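Asker: To start, I am sharing the structure in question, which I have written as structure tokens.
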Amino acid sequence: MFENLSERLSGVFDRLTKQGALSEDDVKTALREVRVALLEADVSLPVARDFVKRVQEQATGQAVTKSITPGQQVVKIVHDALVDTLTGDEDPGKLKVDNPPAPILMVGLQGGGKTTTTGKLAKRLKDREGKKVLMASLDVYRPAAMDQLAILGQQIGVDTLPIVPGQKPVDIAKRAKQQAALGGYDVYMLDTAGRLHIDEVLMQEVEDVRNVTEPRETLLVVDGLTGQVAVEVAQEFDDKIGISGVVLTRMDGDGRGGAALSMRAVTGKPIRFVGLGEKMDALETFEPERIAGRILG
Ligand code: GDP
């Protein structure tokens, strides 16, 4: 897990083994490499800077352990600090779905993986927690999106709200709420419409839906490969709607996962799940250890 960065650091630390403690200069030199590694992993510059500064304070003066090289020791300090930043008080995999029917609002930009993730989460709630789930598509602009959710529902054995052409998103949401109560559902999930960019109409619509349903969870689904953009999108959705967590999709791709660190540092919101593919079971609970390892390369 630590090889890449450790290799980079080994030269820097050759002379340090004799000194017995990490000096400020040596730590600074090493952390320059760490900063490059973070930026290469798509962590934003201000977040990388802040992070490195904090680690520098922690690392300076630490006694060098005999069993590992100083380079490895700095990487370990960095790794632990990454895990610490990425870990919150909450249990990422535990959605608030008591008091049935519990509404879950799914938000995000078009193409981020919202509909796919709605299906994945519904399946997870059904399979792992035995919940009876109803899914509803509010994407009145793209009938294909509504059909897509219905097809996913059939695949995973989860009910979808029947499509009524011409209904407004807020009315579909009301109907879902009613149906969830009448049908004895534990959870109802609302898959909102996405846009290519954030716009006022979209936000107003999501806000109206939020107001009539009072969701227990509002999950933002974003493409983890979009790095900084993902963080900006999360910030905007949080400011306007208020989100309870983030799902980072396409983490099966080549990305190094730096968006996760920026996301947590900038928005303070927990990453709850990561999407690891197109299939309905390609969803995992967010694990700080795993992402930290990946960021370090
Ligand atoms: P939406 O517009 O936000 O609802 O996005 P969709 O759910 O329709 O997803 C857009 C595309 O991304 C589809 O082809 C999905 O199969 C794909 N997708 C979604 N999540 C993941 C993921 O975690 N990994 C990969 N590789 N593809 C994903």
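Asker: Ignoring ligands, DNA and RNA, what percent of the accessible area of the stretch 236-283 is carbon or sulfur (1.4 Å)? Don't jump to the answer; show the numbers that get you there.
Answerer: Details: 720 of 1760 Å².
About 41 percent, which is the carbon plus sulfur part of the accessible surface.
Asker: While we're here: Between Arg142 and Arg49, with labels modelled 7 Å along Cα→Cβ, what's the label distance in nm to one decimal, could you check?
Answerer: 3.7
Asker: I've got another one for you. Tally the DSSP beta bridges in the chain and give the antiparallel ones as a percent, rounded to 5.
Answerer: Expressed as a percentage, antiparallel bridges in the chain total about 15.
Asker: The stretch 34-121: D in µm²/s via Stokes-Einstein (Kirkwood Rh, Cα pairs, 10 °C, 1.306 mPa s)? Can you show the working numbers first?
Answerer: Details: Rh = 16.7 Å.
It diffuses with D of about 95 µm²/s by this estimate.
Asker: To continue, here is another question. How far, in degrees from 0 to 90, does helix 143-156 lean away from the longest principal axis of the Cα atoms of the chain, to the nearest 10?
Answerer: Orientation of helix 143-156: about 80 degrees from the principal axis.
Asker: How much net charge surrounds Val164 when only other residues with a Cβ under 12 Å from its Cβ are counted (Lys, Arg +1; Asp, Glu -1)? List each step's numbers first, then the result.
Answerer: Working: positive: Lys168, Lys174, Arg175; negative: Asp171.
That sum, taken over residues with Cβ under 12 Å, equals +2.
Asker: Now for a separate question. Which far-off residues, 5 or more places away or on another chain, put their amide H under 5 Å from the one on Leu161, with H placed in the peptide plane?
Answerer: Amide H neighbours of Leu161, under 5 Å, 5+ apart: Met135, Ala136, Ser137.
Asker: Which percent of the accessible area of the stretch 110-212 is formed by carbon and sulfur heavy atoms (probe 1.4 angstrom)? Each step should come with its number before you reach the end.
Answerer: Numbers: 2450 of 4790 Å².
Exposed carbon and sulfur together represent 51 percent of the surface.
Asker: Let me ask something additional. For the stretch 53-120 and the stretch 267-293, what is the separation of their Cα centres, given in Å?
Answerer: Using only Cα atoms to place each centre, the spacing works out to 9 Å.
Asker: The stretch 179-297: percent of C-alpha pairs farther apart than 18 Å?
Answerer: Working: 3795 of 7021 pairs.
Across the stretch 179-297, Cα pairs with separations above 18 Å total 54 percent.
Asker: Also: From Cα coordinates alone, what are the radius of gyration and Dmax values for the stretch 227-297 in angstrom?
Answerer: 11.9, 35
Asker: Also, I was wondering about something else. Regarding the chain, what are the three Cα extents along the principal axes, ordered largest first, in Å?
Answerer: The principal-axis extents, from largest down, are 74, 38, 30 Å.
Asker: Check cross-link reach from Lys123 to the aspartates and glutamates: straight Cα distance under 14 Å, and skip same-chain residues fewer than eight apart.
Answerer: Asp159, Asp186, Glu278, Asp281, Glu284
Asker: Tell me, what are the semi-axes, in whole angstrom and largest first, of the equivalent ellipsoid of the stretch 96-162 as set by the roots of 5 times the Cα gyration tensor eigenvalues?
Answerer: On the way: eigenvalues 77, 34, 24 Å².
They are 20, 13, 11 Å, listed from largest to smallest.
Asker: If you line up the long axis of helix 169-182 against the longest principal axis of the chain, both from Cα atoms, how many degrees apart are they, to the nearest 10?
Answerer: 80
Asker: With every protein chain kept in place and ligands, DNA and RNA left out, what is the accessible area per residue of the stretch 159-203? Probe 1.4 Å, answer in Å².
Answerer: Details: 2290 Å² over 45 residues.
Accessible area per residue, the stretch 159-203: 51 Å².
Asker: Let me ask something additional. Per residue Cα convex hull volume for the stretch 54-181, in cubic angstrom?
Answerer: Working: hull volume 22.8 nm³, N = 128.
Convex hull volume per residue, Cα atoms: 178 Å³.
Asker: I've got another one for you. Percent of Cα-Cα pairs more than 23 Å apart in the stretch 138-239, please.
Answerer: Details: 1551 of 5151 pairs.
Pairs farther apart than 23 Å: 30 percent.
Asker: Highest mean first, how do 90-96, 255-261, 153-159 rank when packing is the count of other Cβ atoms within 10 Å averaged over residues? Before the final figure, lay out each step's value.
Answerer: Numbers: 90-96: 14.6, 255-261: 25.6, 153-159: 16.7.
For the peptides 90-96, 255-261, 153-159, the packing ranking is 255-261, 153-159, 90-96.
The values are calculated or read from the model by the stated rules, or taken from the named source; none is laboratory data. This one's a predicted model, so the numbers in the text were calculated from it and none came from an experiment. Note that we place each Cβ from the backbone using ideal geometry, even for glycine, and neighbour counts take in every protein chain shown. Protein only, heavy atoms only, side chains kept; ligands, DNA and RNA dropped before computing areas. Shrake-Rupley method; radii C 1.70, N 1.55, O 1.52, S 1.80 Å.
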